[in-house]
Amino acid sequence: MIDYTEKIPNNVDLGRDRVLQRALEHWQPAYLSWWYDMGPNESHNFEVYLRTATSVEPDGWAQFDYVKMPEYRWGIFLQPRDERRQVNFGMHKGQPAWQDVPGEYRSILRRIVVTQGDTEPASVEQQKMLGLSCPSLYDLRNIFQVNVEEGRHLWAMVYLLHRYFGRDGREEAESLLARRSGDTDNPRILGAFNEPTPDWLAFYMFTFFTDRDGKFQLCALAESGFDPLARTCRFMLTEEAHHMFVGESGVSRIIQRTCEVMKENKVDAPSDVRALGVIDLQTIQRYLNFHYSVTLDLYGSDVSSNAANYYTSGLKGRFRETKLEDDHTLQDAAYPVSEVVGNKINTKQVPALTALNERLRDDYIEEIQAGVNRWQRVIDEAGIPFRLTLPHKGFHREIGNFAGHFISLTGEILTEEQWKAHEFEWLPSPNDYKYVQSLMSGRVAELGKFANWIAPPVKGINGKPLDFQYVRFN
Ligand code: BYC
């Protein structure tokens, strides 16, 4: 028998719960088999300089060492329990936080946990091929770090399913390993997680835009009245921060390199920029448009009775719920949402309870805008007259009030024909993908070397130099 208390670092007293142990004994080999099939390609023998969480203490969640990824110790960590914690919003506000699943909310809670859990392996599947074309050992190590942590986030949700949802939970945990990103018959649950991540620019955009949806959704779930969910999400958020750093700094380094080359060579036409082997700012803008719009869909419909139910039941709160100053039941509050009426976009007030998806999306947009402003500074500092902008909220949307409409980057309602005529000015074209991928045909693996299309980072990982051997290939 495997000693799970040794194999799986945890702070949930795994060793004491035989039912849970048996469930995990069953699930762990299936997980590893999924990792061998769907984890990073050709990586199983690599030794990677990884951070492993071994406890939730400040000195325990950042242990660095060389690890072969299939041997990574995927642990189960919940933020320590606060005995006085209450349900902080909705109709149960003021009751002690639930340590078990309230019977009447069992199925919706399971659905939330499954939806959250499903995104984690999906992203690993989407990024599976990228290690073969990394721009440096530093970046290779970073993508692997992101991948093992997404694996750990899957473990976090599977722990909840096994521990609190009985046989249904065990079946859901198996299905999490059976769905596949982009599969026509058995796809991942949410749209963005079925889109390919075909190159490193797409990867950095994904970790900037889509991992940040992860942050906002986890923040909303960290407010949950179901205490084990809240506590597990809190710990997941510590890891999410690194993923967003990888995305933001990755795009920033690409922009920086492009600007350097543009200045050195006094060129600005995209074809001239491409001739010098870097990614033109127009293509970066098109990638941004794509990842932003696809990620906005992840917040669900603008007006959603599901969202109202989640909130009223005390299962999913708002971003920073306990810091907000209102009645935390939203019975009489209103919130503005947009809708398309004829050829105009109108704003109307709806009950705030039904607009909680929209509100979370707006919170997200504010943070995204700040990140895009930081990228803009890199361009401005190089003295290049180019502006990166966020598309209109209605651009290229498939979920909610804008779905089915053809909306331009700046928010005009167009006909399908008009929109199609601009599609590849606004979104990456097959040619753009082909060009970007042509830059990333092989792995850059010499110590301290970086591909021509990306600037080196400001510093290495855990105080190590940039020419550190972040990955040993064996
Ligand atoms: N694609 O009222 P509606 C992360 C479905 S990312 C496909 O609009 P609701 C990560 C919806 O399921 C964070 N389907 O939406 C990032 C529903 O289906 P049913 C992930 C969609 O339920 C990077 C129907 O449309 N976590 O962690 O209020 C790397 C109508 O529902 C989509 C969560 O999402 C879509 N985009 O809200 C790794 C948190 N949107 O009932 C990881 C948990 C909606 O008709 N999930 N639908 O079959 C939730 O809170 C909610 O499910 C959603 C949707 C916010 C996603």
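The values are calculated or read from the model by the stated rules, or taken from the named source; none is laboratory data. Just so we're clear, the structure is a prediction, and the values are computed from it rather than from any experiment. Please note: Cβ atoms are built from the backbone with ideal geometry, for glycine as well, and neighbour counts cover all protein chains shown. Protein only, heavy atoms only, side chains kept; ligands, DNA and RNA dropped before computing areas. Shrake-Rupley method; radii C 1.70, N 1.55, O 1.52, S 1.80 Å.
Scan region 432-447 residue by residue and report those that are of a type in the set (Asp, Glu) and part of a loop (DSSP other than H, G, I, E, B). Step through it out loud before you land on a result.
Within region 432-447, the first condition is being of a type in the set (Asp, Glu), and the residues that meet it are 432, 446.
Across region 432-447, the qualifying residue is only Glu446.
Residues are listed down the side, and each one gets a yes or a no for (1) under 17 Å from Ile143 (Cα atoms); (2) among the hydroxyl-bearing types (Ser, Thr, Tyr); (3) modelled with pLDDT of 95 or more:
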position: Tyr31; (1), (2), (3): no, yes, yes
position: Trp34; (1), (2), (3): no, no, yes
position: Val48; (1), (2), (3): yes, no, yes
position: Thr54; (1), (2), (3): no, yes, no
position: Tyr66; (1), (2), (3): yes, yes, yes
position: Gln86; (1), (2), (3): no, no, yes
position: Gly94; (1), (2), (3): no, no, yes
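Considering only residues of region 277-300 that are farther than 19 Å from Asp118 by Cα and in a loop (DSSP other than H, G, I, E, B), which is most open to solvent (accessible area, probe 1.4 Å)?
The qualifying residue most open to solvent (accessible area, probe 1.4 Å) is Gly277.
Quick grid of which residues meet (1) open to solvent by 20 Å² or more (accessible area, probe 1.4 Å); (2) closer than 26 Å to Ala307 by Cβ; (3) of a type in the set (Lys, Arg):
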site	(1), (2), (3)
Arg110	yes, yes, yes
Lys128	yes, no, yes
Gly131	no, no, no
Gly151	no, no, no
Trp155	no, no, no
His162	no, no, no
Arg180	yes, no, yes
Leu201	no, no, no
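If you go through region 283-338, how many residues are more than 16 Å from the ligand (Cβ to nearest atom) and among the charged types (D, E, K, R)?
Qualifying residue count for the region: 7.
Pull up region 182-199, narrow it to residues that are closer than 30 Å to Leu388 by Cα, within 12 Å of the ligand (Cβ to nearest atom) and open to solvent by less than 20 Å² (accessible area, probe 1.4 Å), then point me to the one that is modelled with the lowest pLDDT.
Only one residue fits best here, namely Ala192.
For Ile379, are the conditions met, namely being farther than 22 Å from Thr295 by Cα, away from the ligand (no atom under 13 Å from the Cβ), within 26 Å of the chain's Cα centre (by Cα) and open to solvent by less than 30 Å² (accessible area, probe 1.4 Å)?
Considered against the rule, which asks whether it is farther than 22 Å from Thr295 by Cα, away from the ligand (no atom under 13 Å from the Cβ), within 26 Å of the chain's Cα centre (by Cα) and open to solvent by less than 30 Å² (accessible area, probe 1.4 Å), Ile379 comes out as yes.
Within region 391-403, is there a residue that is of a type in the set (Phe, Trp, Tyr), in contact with a helix residue (DSSP H, G or I) (Cβ under 8 Å, 6 or more places away or on another chain) and within 16 Å of the ligand (Cβ to nearest atom)? Write out each step before concluding.
Within region 391-403, the subset of a type in the set (Phe, Trp, Tyr) is 395, 402.
Applying the additional criterion that residues be in contact with a helix residue (DSSP H, G or I) (Cβ under 8 Å, 6 or more places away or on another chain) yields 395.
Going one step further and asking which of them are within 16 Å of the ligand (Cβ to nearest atom), we end up with 395.
Yes, region 391-403 contains a residue that is of a type in the set (Phe, Trp, Tyr), in contact with a helix residue (DSSP H, G or I) (Cβ under 8 Å, 6 or more places away or on another chain) and within 16 Å of the ligand (Cβ to nearest atom).
For region 101-155, which residues satisfy the criterion of being of a type outside the set (Ser, Thr, Tyr) and not in a helix (DSSP H, G or I)?
Answer for region 101-155, where residues must be of a type outside the set (Ser, Thr, Tyr) and not in a helix (DSSP H, G or I): Val101, Pro102, Gln127, Lys128, Met129, Cys134, Pro135.
Identify all residues within region 316-364 that are under 20 Å from the mean Cα position of the chain (by Cα) and not basic (Lys, Arg); write none if there are none.
Gly317, Phe319, Leu356, Asn357, Glu358, Leu360, Asp362, Asp363, Tyr364
Looking at the structure I just gave you, is Ile255 surrounded by 21 or more Cβ atoms within 10 Å (Cβ to Cβ), at pLDDT 95 or above, within 24 Å of the chain's Cα centre (by Cα) and not in a helix (DSSP H, G or I)?
no
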